[in-house]
Amino acid sequence: MDIRRVPYDHPDAVKLDAEVQAEYHVRYGDGGDATPMDPADFTPPNGVYLIAYDEAGVPVASGGWRAQDANGEGNRDGDAELKRMYVIEQMRGRGLARRILAALEEDARAAGRVRMVLETGTKQPEAIALYASSGYEPCEKFGYYRCHEESRCYAKQLR
């Protein structure tokens, strides 16, 4: 597996983002994740976006983090917000999400971020299980969906 840094608006990132949005639509019945996202948010040193490619060069998994500091949406100074973690269906169960997550944590730590935070939903039990088994604990709600009943927020200290 080859994990590469790419811009958030790279064609492979756009393709995987469309797939994750379609999955959100199936699970939650709405138009996907409406959280405002800007490709510049994932430009080092304020963030990064990663894609895992299989041996044939096909994009199979993605994830990114973006810097967040104290704001009116519940973030704290030094937060790195995890976004768009996704593994295509036929590649699930092979540890790809865990590898992407570890790489993102390492990158955010190296960039001086102190806490990785994420928001997921109750209809994503496999995501919740991944984060819990990776040391993430429930935290105060933050971000765009902080007032939604199905929203669950988690955090992990990076240092």
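The values are calculated or read from the model by the stated rules, or taken from the named source; none is laboratory data. Predicted, not measured: the structure shown is a model, and the values here were computed from it. Methodologically, a virtual Cβ is constructed for each residue, glycine included, from the backbone with ideal geometry; neighbour enumeration extends over all protein chains shown.
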Among the residues of the range 34-85, which ones are closer than 25 Å to residue 148 by Cα, without any contact (Cβ under 8 Å) to a residue 40 or more places away in the chain and loosely packed, with under 14 Cβ neighbours inside 10 Å?
38, 69, 70, 71, 72, 77
Would you kindly identify the strands (runs of 3 or more DSSP E) lying entirely within the range 44-140 that contain at least 3 residues that are aliphatic (A, V, I, L, M), at pLDDT below 95 and over 21 Å from residue 2 (Cα atoms)?
none
All but one of (1) at negative phi; (2) part of a strand (DSSP E or B); (3) crowded, with 17+ Cβ neighbours inside 10 Å hold for residue 4, so report the exception by its number.
(3)
Counting only residues that are closer than 17 Å to residue 64 by Cα and among the hydroxyl-bearing types (Ser, Thr, Tyr), which one in the range 87-135 is nearest to the chain's Cα centre (by Cα)?
120
Exception for residue 96 within (1) within 17 Å of residue 132 (Cα to Cα); (2) free of Cβ contacts under 8 Å to residues at least 60 places away in the same chain falls at (2)
Looking only at residues in the range 141-159 that are part of a strand (DSSP E or B) and surrounded by fewer than 18 Cβ atoms within 10 Å (Cβ to Cβ), which one is modelled with the lowest pLDDT?
151
What number goes with the only condition from (1) over 21 Å from residue 51 (Cα atoms); (2) touching an Asp or Glu at 6+ places or on another chain (Cβ under 9 Å) that residue 119 does not pass?
(1)
